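Report on the structure given below.
The values are calculated or read from the model by the stated rules, or taken from the named source; none is laboratory data. Quick caveat: nothing in here was measured; it's all calculated off a predicted structure. Cβ: placed from backbone, ideal geometry, glycine included. Neighbour counts: every protein chain shown. These accessible areas exclude ligands, DNA and RNA; they are computed on the full protein's heavy atoms, side chains included. Shrake-Rupley method; radii C 1.70, N 1.55, O 1.52, S 1.80 Å.
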Amino acid sequence: MQNSDLFKALGTFQRDCPAVIKNKTARIKSDKGTYEYSYADLGAILTAIRSALAANGLSFSQAINAADGVTTLTTSIFHDGGGSLQSVMLLP
């Protein structure tokens, strides 16, 4: 039952979350030429989503773990009703 509340909160968060403004520009030079693209840095993303997360009882954490020569990033999403989700990504 705890995760059903989490999933409902995530759905409401996704519906209500404002657009994230792309506040930075990356310029890439390569043998084939130069190009650029816009992106939102982590600060802009957190500023945009923080209120919508809190309004839906959501929070998150990220932890880097290293063991036996393998490094991973674990992202966890928590709901104030007790539910949680985790995703683990292998880092180079």
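Accessible surface for the chain, divided over its residues, is 75 Å² per residue with a 1.4 Å probe.
Given a 1.4 angstrom probe, I'd like the percentage of the accessible area of the chain that is carbon and sulfur, rounded to a whole number. Present the calculation step by step, with values, prior to reporting the outcome.
Working: 3780 of 6870 Å².
Ligands and nucleic acids excluded, carbon and sulfur give 55 percent.
In the chain, a dipole from Cβ-located charges (positive for Lys and Arg, negative for Asp and Glu) runs towards its positive end, and of 78, 53, 43 it is 43 whose Cα lies farthest in that direction.
Using the Cα centre of the chain as the reference point, and only Cβ charges (+1 on K/R, -1 on D/E), how large is the resulting charge dipole? Debye, rounded to the nearest 20. Let's see the in-between values first.
Numbers: 8 positive and 7 negative charges, 76 e Å.
The dipole magnitude comes to about 360 debye.
Sort 63-76, 41-54 for me by packing, meaning the mean count of neighbouring Cβ atoms within 10 Å per residue, highest on top. Intermediate results must be reported in sequence, preceding the final value.
Working: 63-76: 10.2, 41-54: 13.2.
Highest-to-lowest ranking by the protection proxy: 41-54, 63-76.
Each Cα pair under 8 Å and six or more residues apart adds its sequence gap; the mean of these over the residue count of the chain is a relative contact order of 27 percent. Here the Karplus relation 6.51 cos²θ - 1.76 cosθ + 1.60, evaluated at θ = phi - 60°, turns the backbone of the range 57-64 into coupling constants of x, 10, 8, 8, 9, 9, 9, 9 Hz, with x for every Gly and Pro.
Suppose the Debye formula is applied to equal point scatterers at every Cα of the chain; what is log10 I(q)/I(0) at q = 0.20 Å⁻¹? Cα-only, vacuum Debye calculation for the chain: -1.01. Shown in residue order for the range 23-37 are the 3J(HN,Hα) couplings computed by the Karplus curve 6.51 cos²θ - 1.76 cosθ + 1.60 at θ = phi - 60°: 10, 10, 10, 9, 10, 10, 10, 9, 4, 8, x, 10, 9, 9, 8 Hz (x for Gly and Pro).
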